[in-house]
Amino acid sequence: MNNVSFPRPRQSDVGEKLRVEVREFLNDWRGARHDQHAATIFGGFDPQFSEALGARGWIGMGFPKRYGGGGYGLVERYVVLEELLGARAPITAHAVADRQSGPLLLRYGSERQREEILPRIAAGKCTFSIGMSEPDSGSDLASVRTRATKVDGGWLVNGAKIWTTNAHRSHYMILLCRTSPASQTRHEGLSQFLVDMKKSGIVCRPIVNIAGDQDFNEVHFQDVLLPADALIGAEGDGWRQVTSELAFERSGPERFLSHLGVLEELATALKRQRSPEGVKALGRLVAHLATLRRMSRSVATLIADEQDPALHAALVKDLGTVFEQEIPEVARLVLRTEPDPTASDSYSVALAHVILNAPSSTIRGGTKEVLRGIVAKSLGLR
Ligand SMILES: Cc1cc2nc3c(=O)[nH]c(=O)nc-3n(C[C@H](O)[C@H](O)[C@H](O)COP(=O)(O)OP(=O)(O)OC[C@H]3O[C@@H](n4cnc5c(N)ncnc54)[C@H](O)[C@@H]3O)c2cc1C
């Protein structure tokens with residue numbers, strides 16, 4: 001049975017020094033732009049902001065210096081990320097590349113892929129999307145049907161992906177394909193590819209979400225010819241690679257800080273409208289937040305120590321996203337405010353955004369039922 005202790009998070013003097021620098025940088029940025037972003041959930045897609053962060057050395061912080069990175073540890077990266085999320089900074093243009101595609105290439109990519117792509121990610125000039133889910137394969141990723149066939153000069157890709165966040169504005173996608181038929185073990189025969197989104201035969205069809213935003217897409221591949229060296233890692237090793245990538249995706253502070261804006265707005269609103277019940281409810285949420293932060297920082301320490309964080313990451317993502325959904329539920333009951341994305345007061349606007357976006361928290365990156373399955377299996381319960 002797995003040991004589920006969450007080790008004491010490592011403190012870093014370098015990280016705490018960085019925290020001060022990031023806060024100063026964000027104060028300057030906020031001076032000009034805070035109002036515009038005050039009610040947003042993830043802070044928005046802003047390539048210029050990503051480039052400014054890249055120039056500071058705050059993207060790809062864990063990459064070795066020879067690939068344009070800062071050679072920092074994960075603990076320092078965590079400090080910078082939580083400051084950015086806390087300020088609701090617009091990090092979407094580089095977040096996926098920084099969090100998972102870059103580390104994936106660092107671990108499994110060829111030397112050519114690392115040399116070509118990692119410095120661009122670290123400079124904040126490279127947006128990535130994740131091509132895993134398909135119309136009939138979301139939770140059950142082993143059943144993907146998009147196929148890459150070996151041909152003269154490379155690989156021919158045919159199939160479709162769905163819910164692909166930012167595919168329409170990405171430079172690259174990390175694409176999961178079947179490269180040989182499923183044998184008795186369905187997890188065999190899958191491979192990952194680095195796909196240049198400018199390749200002919202790729203069509204992105206927008207999907208508009210319930211909040212009226214276009215963040216994700218359907219992406220169709222029709223006879224897309226990829227060069228032989230687009231393969232990432234070993235042919236047929238896709239499942240192992242994807243599993244390690246998902247641990248990066250599931251454990252970070254973005255899994256419980258994306259609705260922080262509403263908590264802040266609620267605290268401000270409670271200063272105006274006295275409500276002892278409201279203050280109690282806010283205190284309870286903040287206590288949960290502190291516990292989640294402690295757990296998530298533990299996972300960063302585990303990953304830094306090269307231990308398997310899959311169980312811990314699943315727990316953090318499940319608890320974190322359920323917490324994110326609880327915030328609008330509590331906020332809605334505490335203060336009788338009509339959520340309205342067009343209102344003039346920032347609390348109503350923030351509440352409306354969060355109510356519309358909260359349902360997706362427990363789906364993207366692995367549904368809560370699937371995560372609980374992983375936890376149960378790891379604990380020997382099934
Ligand atoms: C906002 C958002 C952004 C996304 N971005 C991306 C992206 O960039 N790239 C990408 O590849 N995907 C992305 N996704 C897709 C997401 O990862 C999938 O939607 C998710 O994995 C669920 O897959 P599905 O939609 O096929 O649902 P299904 O797998 O069909 O699940 C339907 C229901 O059945 C339950 N279920 C399924 N299997 C089990 C099981 N074994 N045990 C118990 N219950 C089960 C699920 O929990 C769910 O409630 C995104 C989704 C959202 C909402």
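Each reported figure results from applying straightforward, stated rules to the coordinates on display, with no laboratory input. Given the structure is predicted, the values throughout are model-derived calculations rather than measurements. Positions of Cβ are generated from backbone atoms using ideal geometry, with glycine treated the same way; all protein chains shown enter the neighbour counts.
Points 7 angstrom from Cα along the Cβ direction at D136 and R274: gap in nanometres?
Taking the simple label geometry, D136 and R274 are separated by 6.3 nm.
Which number gives the lysine pairs in the chain that have C-alpha atoms under 23 Å apart and are eight or more places apart or on different chains?
Close lysine pairs found across the chain: 14.
Find the all-direction average of the projected area of the Cα convex hull for segment 304-379, expressing the result in square nanometres with one decimal place.
The directionally averaged projection comes out at 6.7 nm².
Evaluate E = 1/(1 + (r/R0)^6) for V151 and V208, where r is the Cβ-Cβ distance and R0 equals 41 Å; express this FRET efficiency to the nearest 0.05.
E between V151 and V208, to the nearest 0.05, is 0.70.
Given segment 130-237, what percent of its DSSP beta bridges are antiparallel, to the nearest 5?
Of the beta bridges lying entirely in segment 130-237, close to 90 percent run antiparallel.
Assuming 0.692 mPa s and 37 °C, estimate D for segment 100-142 with Stokes-Einstein, Rh taken as the Kirkwood radius over Cα pairs, in µm²/s.
277 µm²/s
Evaluated at 10 °C with a viscosity of 1.306 mPa s, what Stokes-Einstein diffusion coefficient in µm²/s does the chain have when Rh comes from the Kirkwood expression over alpha-carbon pairs?
Approximately 73 µm²/s, per Stokes-Einstein.
Compute the separation of the alpha-carbon centres of segment 195-267 and segment 103-177 and state it in Å as a whole number.
Comparing the Cα centres of segment 195-267 and segment 103-177, I get a distance of 8 Å.
With both partners inside the chain, how many of the DSSP beta bridges are antiparallel, as a percent to the nearest 5?
The antiparallel fraction comes to roughly 80 percent.
What's the Kirkwood radius of segment 55-116 in Å, using all Cα pairs?
Hydrodynamic radius (Kirkwood, Cα only) of segment 55-116 equals 12.1 Å.
Using a Förster radius of 30 Å, what is the FRET efficiency between D13 and T367 based on their Cβ-Cβ separation? Nearest 0.05, please.
0.15
Considering every pair of different Cα atoms, what Kirkwood radius, in Å, is found for segment 121-245?
Across segment 121-245, the inverse of the average 1/r is 14.7 Å.
Report the far tail of the P(r) of segment 13-126, meaning the percent of Cα-Cα pairs longer than 25 Å.
19 percent
Å³ per residue of the Cα convex hull, for segment 252-378?
Given the Cα convex hull of segment 252-378, per-residue volume reads 102 Å³.
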